[in-house]
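Trainee: I am attaching a structure below and will ask some questions about it afterwards.
The values are calculated or read from the model by the stated rules, or taken from the named source; none is laboratory data. Just so we're clear, the structure is a prediction, and the values are computed from it rather than from any experiment. When we count neighbours, we look across all protein chains shown, and the Cβ atoms used for this are built from the backbone with ideal geometry, even at glycine. We work out accessible area using only protein heavy atoms, side chains counted, and drop any ligands, DNA or RNA first. Shrake-Rupley method; radii C 1.70, N 1.55, O 1.52, S 1.80 Å.
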Amino acid sequence: MADMLGLLKGEQLVEISNDFNYMRATENFEGLKVFPLAKTNNMRLAIANLMDGSDIPVMAFVHALDSEARIGDRPNYQEVNFELLLIKEKLNQSEKIRKKMLDYGMSNAEKDILTAIYDDIANLISRVLTRMEVMACELLCTGKITIDENNAKAEIDYHLPTEHKIAFTGWSDPTTDVVGDLISIKRTSKNKIKKAYISEPIMGYIMANNAIKAVAASQQPIQFVTEEWTKAYLKAALGIEFIVIDGQYKTSAQTKETNYFFKQDVISFVTTEGALGRTFVTSSPEEDYGIAQNVTGYVAITQWYENDPAGVWTKASAIALPCPTDINSLYIATVGA
């Protein structure tokens, strides 16, 4: 048994985190496309530099000769206690190890045990990334991030202007002027809106709208109102690309309850073709203390071995925060049935 337990201590335990495919793991995460991941050693400075890079120019004033120059300013951003944004989870392999040893014997169990531990590493990294996606989507559809879990409580408000919050009503009624509502918010943005993030139910309202169906019926050949056709029509008519976010997540592997990443009654309009900001990731406490075995990616992997009871713990951790370059690039419409 000593040889087997020794096998479970080596660097091979974290090999998978070296090769973890972050692009594949996040390819369906629309929030992390809007706020892509970026590693930084100084999150406060990174946020300040990001917001200072807003597309809206700031004007210097004309001064009289021999007058003192006006003292400039920088964009305001909320000071955040980043300790509250530590995302982490751990798993223990002891029960699986015992079971495989008893059932198969040590020589036949080695590969299966290591595979199980590798799976834990991939799953834990994925869970940390999922929490980042939840934050990114919450920022995208509310202009805020709220934390209320595991004794950490905070609200990070990016101060979305009141005039950027719009309410649409009656969209479940197929006679409602849905296209007119969309034109109105485009005008509000001075025709700057490029993309719209939307849920499946609201896309369903648009597809069921009489005006949309009439457009499809008037074409030759007559078109069926599919999601793809509707997106193409709205892009051609309004110049807005519609992106449906319908992903779900769970807060426990053992529960059947699911949550949507994106609010079901919201459309988020953005004036940027590319990213709206960044999701900054800075060093975790494990990295700061030098005890993380792998820090090559955005998520740090730490593992340790316990003798009594015999087992291997695996933990993934990261400190992350999505941040917009310019919150004025975001418009949020709440859609009422």
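Trainee: So how exposed is residue 91, as accessible area in Å² (1.4 Å probe, rounded to 10)?
Mentor: Here the residue's solvent-accessible area equals roughly 50 Å².
Trainee: Report the FRET efficiency, 1/(1 + (r/R0)^6), for residue 149 and residue 45, where r is their Cβ-Cβ distance and R0 is 30 Å, rounded to 0.05.
Mentor: For residue 149 and residue 45, the calculated efficiency is 0.65.
Trainee: Considering only DSSP states other than H, G, I, E and B, which trypsin sites (Lys or Arg not before Pro) in the stretch 247-337 qualify as loop sites with at most 14 other Cβ atoms within 10 Å?
Mentor: Taking the stretch 247-337 and a limit of 14 other Cβ atoms within 10 Å, the loop trypsin sites (Lys or Arg not before Pro) found are 250, 256.
Trainee: State the percentage of accessible surface on the stretch 126-238 attributable to carbon and sulfur atoms; use a 1.4 Å probe and exclude ligands, DNA and RNA.
Mentor: 52 percent
Trainee: Given a 1.4 Å probe and the protein chains all in place, what does the accessible area of residue 169 round to, in Å² to the nearest 10?
Mentor: Number for this one is 100 Å².
Trainee: Separation between the residue 254 and residue 175 pseudo-spin-labels, each 7 Å from Cα along Cα→Cβ, expressed in nm?
Mentor: Those two pseudo-labels are separated by 5.4 nm.
Trainee: Something else about it: Could you pull the accessible area for residue 159 with a 1.4 Å probe, rounded to 10 Å²?
Mentor: Accessible surface of residue 159 is approximately 130 Å².
Trainee: In debye to the nearest 20, how big a dipole does the stretch 117-270 give about its Cα centre with +1 on each Lys and Arg Cβ and -1 on each Asp and Glu Cβ?
Mentor: Rounded to the nearest 20 debye, it is 540 debye.
Trainee: Next question, about the same structure. When only DSSP loop residues count, what trypsin sites (Lys or Arg not before Pro) in the stretch 183-225 have their Cβ near at most 13 other Cβ atoms within 10 Å?
Mentor: 190
Trainee: Full extension from residue 65 to residue 220: what is 0.36 nm times the residue separation minus their Cα-Cα distance, to one decimal in nm?
Mentor: 48.9 nm
Trainee: Can you give the charge dipole size of the stretch 185-236 about its Cα centre, rounded to the nearest 20 debye, using +1 on the beta carbon of Lys and Arg and -1 on the beta carbon of Asp and Glu?
Mentor: Roughly 500 debye, rounded to the nearest 20.
Trainee: Related question: Quick one: putting +1 on the C-beta of Lys and Arg, -1 on the C-beta of Asp and Glu, what dipole do you get for the stretch 126-201 around its Cα centre, in Debye to the nearest 20?
Mentor: With Lys and Arg at +1 and Asp and Glu at -1, about 440 debye.
Trainee: On a full-extension model of 0.36 nm per residue, what is the gain between residue 334 and residue 213, subtracting their alpha-carbon distance, rounded to one decimal in nm?
Mentor: The residue 334-residue 213 span can extend by a further 41.2 nm.
Trainee: Of all GluC sites (Glu not before Pro) in the stretch 228-337, which ones are in loop regions per DSSP and have a Cβ with at most 15 other Cβ atoms within 10 Å?
Mentor: When the GluC sites (Glu not before Pro) of the stretch 228-337 are filtered for loop state and at most 15 Cβ neighbours within 10 Å, 257, 273 remain.
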